[in-house]
Amino acid sequence: MSKHVLLCDDETAIIRAAEIKLSRAGYRVTCCSDGQAALEAIQLETPDLLLTDCQMPRLGGLELIRRLRELEATHDLPIYMLTAKGFELSAEELKAKWNVLGVIAKPFSPREVLKLVDDLFAVGAV
Amino acid sequence: MPQVDDSDRTELRDAVFPMPRALLQLIPSLICASAATAVVVGLGLVAGALAHAALAVALIWSVCAAQWYMVHRERMDQVVARRYLELLTHLQEPGLAPVFNAESLPAVDHRSPWYAPLTRIRDFLASFHDRQMQLETSRTALDIRLQRTLAQLELNAAVLSKVGEPVLAVDAYDELLLANSAAEMLLETHGEKRRIAGGSMRDKLTNMIADVRRRPVSAHRTEELEWTDAQGHKRWYRATVDNLRDQPSGFEHGGAVVVLRDVSAAREIQQQHAEFVSAASHEMKTPLAGIKAYVELLADGEAESETEREEFLDVITGQADRLQRLIENLLNIARIEAGVVQVSKSSRGVNEIAAEALEVLRPAAEAKQITLVSDLSPLYLGAMVDRDMLSQAIINLLSNAVKYTPQGGTVTLRSRLADHEIQIDVEDTGVGLSEEDCVRVFEKFYRVEKDKNMAAGTGLGLALAQHIVEDVHGGHLTVRSKLGQGSTFGITIPSAGRNA
């Protein structure tokens, strides 16, 4: 069964590009446009991987992660952050504090995102 | 002060003309002399030698006169010596320097056996008097200098108290020597001694003082220190600590002067600039991310149909347009900063501009299921305006309203003519603003902390709108808001009728 990736970003154009790339590579992709929608979607069905933006309406990326880590089902959910904030978010700190696998800086390449996701599932980390 | 007074003079006169008292003292001698004279006269009568008698009388009177002279001179010497001794005694009295005129000192008879020692005493007293006069002159000069110095000190203290920056000086044991009124807040009192207060800043200041104190030559150190006041507000001070070793009247044993400059405002501006650059770069990266992603999708042949290829190209064009608008906005701000804005005003209908602005925001509002209400006046509201600029200001207000109104809310655009002025209100049912935010919301780069994550922004939109309304159109931009109960931003500009 194909792996389920949840994409969360209020920039629908950007999320659509990643969705096209990942779904053509065989992943099952769900898109949400803010943190609240993602939280609700995850509670319905836990994905294998979450890629989320940081700054979003209703519920921001960091707050989404904090809430997910409090839930047993998503305590260890693999998460990557997508952000244009660059140096303001420390990957090390995110990893240490919230077990975030890494930060993908915007503007990102869909190719690289696909490779990252492929590598993640290939090594059997999840 | 002992002086040669009238009683002394009387004494001296008595010494010089002592007849009545001297005569009393000489009565026994005179009785003896008279008896002897009678005997001699008797004998002379007997001997008939009157010459001898006369000679004897002369001899006796001579003896008496000589005795009288000797007594008188001795008394004179005693009076003069006593006077000199009195003066010498007074010289030894602490704090009672005698004031006398050297000329008025009694003269010493050169035939007196006391002439040599009394003359030395007289010379000493005379030179003492001269020295005393010199000292008196110096003391007066010192008094004048002291008064001037005290006046200068008072002036310095007054000037120092008016210096807005805290200035203080401490001794080798960090105890306070001087502090102006601005520095008072930094001090705490331990009994009689006052020291620098202020938690972490005190420790750092004390370290800086200790450092410059160790230097054998003139040295100073400057650092920026954080300070939390009694109300818990954080401020930043640039502290300069100097040991004043290069000053003639500087500190000899480890004292230091501390001057603090409040750099909180500069720090805040730095912080705002950093946040602005961060927000601006974030805003620019987002459309760039779209362009880059879709160009890559096209390059990888991900477009499976012509429709999809066109969709990708539309996204690229849209994102490029967005990037261009953002750059225009940044340039506008830069132009406003540099004061090189080109304004081109013409008579326009404000309702028309407002309606167009509302349409610009319609897609964003629909995406958030926000109802846009157009409540424009049925009257023609003519005004002399720069069309593009006024449109930009209304768009900025509408954009903020949509950004900070939760899903399902309402944003109303209203226009009215009131008292020869045109009123354009943008009312929302959004998160609202606190009283402090209402005051600060027009500041450049200012963003409401708690709402930052609701939407991306540069913190320039309202600053730009205020500049357009107030500086370019001579109107007012105001805000009425309550936390949690929505906000109303109101533009007021003169109508064309009023201008004419």
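Every number here is computed from the coordinates shown, using simple stated rules; none is lab data. What you see is a predicted model, and the numbers here were worked out from it, not measured in a lab. Glycine also receives a Cβ, built like all others from the backbone with ideal geometry; neighbour counts cover every protein chain displayed.
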Farthest towards the positive end of the dipole of chain A, among A:35, A:74, A:123 and with Cβ unit charges of +1 on Lys and Arg and -1 on Asp and Glu, lies the Cα of A:123
Once phi for every residue in region B:141-158 is put through the Karplus expression 6.51 cos²θ - 1.76 cosθ + 1.60 (θ = phi - 60°), the whole-Hz ³J(HN,Hα) values, with Gly and Pro written as x, are 4, 5, 4, 5, 4, 4, 4, 5, 5, 4, 5, 5, 4, 4, 5, 4, 4, 5
Expected vector for region B:56-61, Karplus 3J(HN,Hα) from phi with 6.51, -1.76, 1.60 and θ = phi - 60°, integer Hz, x for Gly and Pro, equals 5, 4, 4, 5, 4, 4
At R0 = 56 Å the Cβ-Cβ FRET efficiency linking residue B:26 and residue B:140, nearest 0.05, sits at 0.50
From the Cα centre of region B:325-402 to that of region A:1-71, the distance in Å is 35 Å
What helix-only [θ] at 222 nm does chain B give? Using -39500 (n - 2.57) per DSSP H run of at least 4, over all residues, to the nearest 500, the answer is -19000 deg cm²/dmol
Here the percent of antiparallel bridges among DSSP beta bridges lying wholly in the protein assembly as shown, to the nearest 5, is 70 percent
The correct pair for region B:111-189, radius of gyration to one decimal and Dmax as a whole number, both in Å and from Cα atoms, is 25.9, 81
Interchain or sequence-distant (5+) residues whose placed amide H lies within less than 5 Å of the amide H of residue B:263 are B:236, B:237, B:238
A correct Karplus calculation of ³J(HN,Hα) over region A:113-122, with 6.51 cos²θ - 1.76 cosθ + 1.60, θ = phi - 60°, whole Hz and x for Gly and Pro, returns 5, 4, 4, 4, 5, 4, 4, 4, 7, 5
Under the helix-only model (-39500 (n - 2.57) for each DSSP H run of 4 or more, divided by the residues of chain A), the mean residue ellipticity at 222 nm, to 500 deg cm²/dmol, is -13000 deg cm²/dmol
So the angle from the long Cα axis of helix B:19-47 to the longest Cα principal axis of chain B, reported in degrees to the nearest 10, equals 10 degrees
Here the averaged projected area of chain B, based on the convex hull of its alpha-carbon atoms and given in nm², is 51.1 nm²
Region A:4-121: spread of alpha-carbon positions along the three principal axes, whole Å, largest first, is 34, 33, 28
In degrees, nearest 10, the alpha-carbon axis of helix B:264-299 is tilted away from the dominant principal axis of the alpha carbons of chain B by 20 degrees
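Let me know the charge dipole size of the protein assembly as shown about its Cα centre in debye, to the nearest 20, where only the beta-carbon of Lys, Arg (+1) and Asp, Glu (-1) is charged. Could the numbers behind the result be given before it?
On the way: 67 positive and 87 negative charges, 550 e Å.
Roughly 2640 debye for the protein assembly as shown.
If you wrap a convex hull around the C-alpha atoms of region B:346-499 and split its volume per residue, what is the figure in Å³?
99 Å³
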The farthest towards the positive end of the charge dipole of chain B, of the residues B:407, B:181, B:478, given +1 on Cβ of Lys and Arg and -1 on Cβ of Asp and Glu, is B:181
Residues whose modelled amide H sits under 5 Å from the amide H of residue A:102, counting only those 5 or more places away in sequence or on another chain, are A:81
Dimensionless Rg/Rh of region B:365-405, both radii on Cα and Rh by Kirkwood, sits at 1.05
Cβ-Cβ cut-off under 10 Å around residue B:392, Lys and Arg +1, Asp and Glu -1: the net charge is -2
XL table A:97/B:482; B:204/B:444; A:21/B:285; B:403/B:444; B:285/B:345; Cα-Cα > 25 Å flagged, in table order, is A:97/B:482; B:204/B:444; B:285/B:345
Per residue, the convex hull enclosing the Cα atoms of the protein assembly as shown spans a volume in Å³ of 314 Å³
For region B:107-196, listing trypsin sites (Lys or Arg not before Pro) in a DSSP loop whose Cβ sees at most 10 other Cβ atoms within 10 Å gives B:111
Computed curve, region B:268-338, Cα-only Debye sum without solvent term, log₁₀ I(q)/I(0) at 0.21, 0.27 Å⁻¹, is -0.87, -1.13
Partner shielding of B:280-292, as the mean number of partner chain Cβ atoms within 10 Å, equals 5
Quick P(r) readout (region B:304-408; Cα-Cα; 5 Å bins; whole %) gives 2, 10, 14, 17, 17, 16, 12, 7, 3, 1, 0
